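Novice: Got a structure for you, questions after.
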Amino acid sequence: MTIKNNIIEFQNKLKIPSCKLIAVSKTKPVQTIREAYDAGLRIFGENKAQELAIKQKSLPDDIQWHMIGHLQRNKVKLIAPFVHLIHAVDSSRLLREINKHGEKNKRTINCLLQVHIATEEAKFGFNENELLDLINDSELATFNSIKIQGLMGMATFTNNMDEIRIEFRKLRNLLDRIKTMNLSQNVNMQELSMGMTNDYAVAIEEGSTMIRIGTAIFGERYK
Ligand SMILES: *Cc1c(COP(=O)(O)O)cnc(C)c1O
C-alpha cells in the first residue's frame with residue numbers, strides 16, 4: 001500500500017466533509033509528508049514542538065500545522081509564528097504563555113482545551129470543574145492573542161467501543177453545555193478534536209469535527 005492509496009481509501013471511507021482530517025505525521029520524515037501533500041493533504045499534526053518547527057521549514061507554506069501533543073511552555077516560541085491550531089492546552093499558565101507569543105508575533109493563535117475523558121490515569125487534560133473554572137475566569141477575557149475554538153480529548157486505550165463512545169459523548173455534551181454559557185469574545189466553542197485510527201468511526205458518530213489519524217495513513221510507527 002502506498003500513502004496515496006491509504007489516503008484515497010481512508011477518504012472514501014469517511015465521506016463526512018464537515019469533519020476535518022488531521023494527518024498525524026509524527027516520527028515520519030519530510031519526504032513521507034511530501035508524499036501525502038502531493039496526494040492532496042494540507043493539514044498535518046505533530047506532537048513535538050521541535051520536530052514540528054523543523055518540518056515546517058522544509059515543506060510548502062500552504063500546509064496547516066497542528067500541534068496535537070503536550071506542549072511545554074518553554075517550547076511555545078518554536079511554533080508560535082506559524083502554528084494553525086494547538087490541540088492540547090491543559091493549563092491556564094500554558095494559555096497565558098501562548099497569548100504572550102501570539103502578541104509578540106502579532107497573530108491570534110487558535111487553541112483547543114484538552115479534557116481528560118479517559119478512565120486511565122493521565123497526566124494531561126482538565127477535568128470538568130477545572131475546565132469550567134478556566135472558562136469562567138475573568139483573566140481569560142484579557143488574552144487578546146488567542147482564540148479558543150473548542151475541546152480535545154483522547155479516549156481510553158481499549159477495544160471496548162461502548163466505553164469509548166461514552167467518553168466521546170461526555171466531551172460532546174461538555175462542549176454543548178459550554179456553548180450555552182456566557183463566553184468571552186475569544187472563546188468560540190465549535191470544534192471537537194476526537195478520534196484516532198482505532199476509534200475515529202465512533203468519534204464521528206459522536207460529533208467529532210477533527211479526527212487525528214496517523215497509523216491508517218502512514219502505517220505503523222517504529223519509534
Ligand atoms: C499519535 C497521535 C494520534 C494518532 O494516532 P494513530 O493511532 O496513529 O492514528 C492522534 N492524536 C494524538 C494526540 C497522538 O499523539
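Novice: Are any of the residues in segment 89-103 within 16 Å of the ligand (Cβ to nearest atom) and more than 20 Å from Leu171 (Cα to Cα)?
Specialist: The initial filter retains those residues of segment 89-103 that are within 16 Å of the ligand (Cβ to nearest atom), namely 89-90, 94.
Add one more test, that the residue is more than 20 Å from Leu171 (Cα to Cα), and what stays is 94.
The answer is yes, given that some residue of segment 89-103 is within 16 Å of the ligand (Cβ to nearest atom) and more than 20 Å from Leu171 (Cα to Cα).
Novice: Sort out which residues of segment 11-69 are polar (S, T, N, Q), open to solvent by 30 Å² or more (accessible area, probe 1.4 Å) and within 11 Å of the ligand (Cβ to nearest atom), and write them in order of number.
Specialist: Within segment 11-69, Thr27, Asn47 qualify.
Novice: Now for a separate question. What are the pairs, 6+ residues apart or on separate chains, where a residue within segment 151-162 that is touching a residue at least 40 places away in the same chain (Cβ under 8 Å) has its Cβ under 8 Å from a residue that is hydroxyl-bearing (Ser, Thr, Tyr)?
Specialist: Leu151/Ser193; Met152/Ser193; Gly153/Ser193
Novice: May I ask you to verify whether Thr2 is over 29 Å from Glu128 (Cα atoms), within 14 Å of the ligand (Cβ to nearest atom) and of a type in the set (Ser, Thr, Tyr)?
Specialist: For Thr2, the condition - over 29 Å from Glu128 (Cα atoms), within 14 Å of the ligand (Cβ to nearest atom) and of a type in the set (Ser, Thr, Tyr) - is not met.
Novice: Also: In the set Phe124, Phe168, which member is surrounded by fewer than 21 Cβ atoms within 10 Å (Cβ to Cβ) and not small (Gly, Ala, Ser)?
Specialist: Phe124
Novice: Among Gln114, Gln149, which is within 14 Å of the ligand (Cβ to nearest atom) and crowded, with 21+ Cβ neighbours inside 10 Å?
Specialist: Gln114
Novice: Would you check if Gly102 is open to solvent by less than 70 Å² (accessible area, probe 1.4 Å), over 16 Å from Val83 (Cα atoms) and in contact with a strand residue (DSSP E or B) (Cβ under 6 Å, 6 or more places away or on another chain)?
Specialist: Criteria not met by Gly102.
Novice: If you don't mind, there's one more thing I want to ask. Out of Glu191, Glu206, Glu167, which single residue is within 15 Å of the ligand (Cβ to nearest atom), more than 27 Å from Tyr37 (Cα to Cα), touching a residue at least 24 places away in the same chain (Cβ under 8 Å) and under 18 Å from the mean Cα position of the chain (by Cα)?
Specialist: Glu167
Novice: Could you grab me the full set of residues in segment 132-146 that are exposed (fewer than 15 other Cβ atoms within 10 Å of the Cβ) and of a type outside the set (S, T, N, Q)?
Specialist: Answer for segment 132-146, where residues must be exposed (fewer than 15 other Cβ atoms within 10 Å of the Cβ) and of a type outside the set (S, T, N, Q): Asp133, Asp137, Glu139, Ala141.
Novice: Quickly run through segment 119-176 and pick out the residues that are among the small types (Gly, Ala, Ser) and under 22 Å from Asn47 (Cβ atoms).
Specialist: Correct list: Ala122, Gly125, Gly150, Gly153, Ala155.
The values are calculated or read from the model by the stated rules, or taken from the named source; none is laboratory data. No experiment lies behind these values; they were computed from the predicted model shown. Methodologically, a virtual Cβ is constructed for each residue, glycine included, from the backbone with ideal geometry; neighbour enumeration extends over all protein chains shown. Just the protein is used for accessible areas: all its heavy atoms, side chains included, with ligands, DNA and RNA removed. Shrake-Rupley method; radii C 1.70, N 1.55, O 1.52, S 1.80 Å.
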